[in-house]
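Only one structure is covered here, and it is reproduced in the block below.
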Amino acid sequence: MSDSSNVIEYMADLGRNARRAARVVAAASAGTKNRALLAMAEALEAARPTLAEENRKDLEAGEANGLDAAMLDRLALKPATIDGMIEGLRQVAALPDPCGAITDMNFRPSGIQVGKMRVPLGVVGIIYESRPNVTIDAASLCLKSGNAAILRGGSEAIHSNRAIAACLKKGLAEAGLPETAVQVVETTDRAAVGELIAMPEYVDVIVPRGGKGLIERISRDARVPVIKHLDGICHVYIDAKADLDKAFNIALNAKTHRYGVCNAMETLLVDQTVAADILPRLADAYAEKGVELRGCERTRALIEAQAATEEDWATEYLAPVLAIRVVDGLDEAMDHIAQYSSQHTEAIVTEDYTRARRFLHEVDSSSVMVNASTRFADGFEYGLGAEIGISTDKIHARGPVGLEGLTSQKWIVLGDGHIRN
């Protein structure tokens, strides 16, 4: 399907099918959607040998094409990965259905009742790289929230995604829902992405999951609203009134629990009154973990670290590298965050109630924490069951985007023959 006209026609067909299916899914009961999700889980269980075989094709092609070890690891459908996909479907089935929930009903002086009803967005296009298990996460969340989905995974996972798509179709059919409610783009032609993000007549929102380059391109070229985050430049600030044992554990966990994730700490800010007490202890722990430190002048006077550059403060490393700055109090810490943060997640460690309240109130990020690791910025940890991604936008959805983030609200009015005088 390399001919551009064929790709345009193919994507338009997907869009038309999704738009028709979206009406059916939006009207489906929670029971019907749950039956589809559970049937998908059963289909995945039965298809384990096929999934392993198709994934092997992707892994062999990835090795031949020079994919690095980390990419190959994300690409692999290990037995435990498939276990997680099956469990994820069952967990989403167990979540409350957000669709149709009515809130804020009030009588107006005219006698009418006015309120809001939660409704699906419609058709959600999701573009992602490498990990084929994202196909299950995206499909399950879109279906449970009453949306149709068009899923465009990375070309490196095409065989795996096709095999997963067959399981999704089987589950939808068993529940009596249209197979086109979840469609996996089967062409690896990159022109398909350009078409998907430029079909506002068929697609209501795009969710990109991948590297900064992919998300920047989609944000720049899309003619459809995009739910996105570009960077996860997350900060932890150790305040002068911090419990230093708490601070040590939080700063170590936020950086070293996992490196290649968007909620890992990338910059540590430390009040100058406690820097001499906490930084040497942390430096030893980071050294044991193999973390490279880059610090300001005051940091380097206390511990061994490379000189931090301006670029370091604005970098999402996604690696065992940490920037450290010693600051003169809460205001300087918040000034630094305001200048360099990507508005993803920031945390303060303090026992001072007033400072904690100021940090929560004044720091403008999608998640702001007190005495907790930034690694908690996650849909599952927030009780959403799963997430489609984390948004640093300010309109519609912000922070981890779960079922509710894939819905909107419409106004509803109840009357009994009321007319406006």
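The listed residues Leu318, Leu75, Leu95, once ranked by accessible area (1.4 Å probe) with the largest placed first, stand as Leu318, Leu95, Leu75. What the Cα convex hull of the chain gives, in volume per residue, is 173 Å³.
The portion of the accessible surface of segment 353-421 made up by carbon and sulfur, rounded to a whole percent, is 50 (1.4 Å probe; DNA, RNA and ligands excluded). What separates the Cα centres of segment 128-168 and segment 293-354 is a distance of 37 Å. In degrees, nearest 10, range 0 to 90: what is the angle between the Cα axis of helix 30-46 and the longest Cα principal axis of the chain? So the inclination is approximately 80 degrees. Computed from Cα atoms, the angle from the helix 212-221 axis to the main principal axis of the chain rounds to 50 degrees. Bridges between two residues of the chain, per DSSP, are antiparallel at a rate of about 30%. Report, in deg cm²/dmol and to the nearest 500, the calculated mean residue ellipticity at 222 nm for the chain, where each DSSP H run with n ≥ 4 adds -39500 (n - 2.57) and the sum is divided by the residue count. Taken over the chain, the calculation gives -13500 deg cm²/dmol.
Over the Cα atoms of segment 25-113, the radius of gyration divided by the Kirkwood radius equals 1.28; this is the Rg/Rh ratio.
Note the direction-averaged projected area, equal to a quarter of the hull surface, for the Cα convex hull of segment 212-334, in nm².
On the way: hull surface 33.4 nm².
Directional mean of the projected Cα hull area for segment 212-334 stands at 8.3 nm².
What is the ratio of the Cα radius of gyration of segment 1-159 to 2.2 N^0.38 Å, where N is its residue count, to two decimals? All intermediate terms of the calculation are to be shown ahead of the outcome.
Working: Rg = 19.6 Å, N = 159, 2.2 N^0.38 = 15.1 Å.
Ratio of Cα Rg to 2.2 N^0.38 Å: 1.30.
Of all DSSP-defined beta bridges confined to segment 54-156, some 45% are antiparallel rather than parallel. Across segment 121-253, the volume of the C-alpha convex hull divided among the residues equals 155 Å³ per residue. For segment 17-67, the average shadow cast by the Cα convex hull is 5.5 nm², which is a quarter of the hull's surface.
Normalised radius of gyration for segment 342-421, please: alpha carbon Rg relative to 2.2 N^0.38 Å, two decimal places. Could you put the intermediate results ahead of the total?
Working: Rg = 18.2 Å, N = 80, 2.2 N^0.38 = 11.6 Å.
Cα Rg divided by the expected 2.2 N^0.38 Å: 1.56.
Ranking Ile102, Gly383, Leu360 by how far each Cα lies toward the positive end of the dipole of the chain (charges on Cβ) leaves Ile102 at the top. For the residues Tyr382, Tyr128, a 1.4 Å probe over the protein chains yields an accessible-area ranking, largest first, of Tyr382, Tyr128. Select from Val349, Val114, Val184 the residue whose mean-square fluctuation is largest in a Gaussian network model of the chain (Cα-Cα springs shorter than 10 Å). Maximum among the listed residues: Val114. Note: segment 260-317, Cα convex hull, 89 Å³ per residue.
The values are calculated or read from the model by the stated rules, or taken from the named source; none is laboratory data. None of these values were measured; they are calculated from a predicted model. Glycine gets a Cβ as well: all are built from the backbone with ideal geometry, and neighbour counts include every protein chain shown. Heads up: the accessible areas ignore ligands, DNA and RNA and are worked out on the full protein's heavy atoms, side chains in. Shrake-Rupley method; radii C 1.70, N 1.55, O 1.52, S 1.80 Å.
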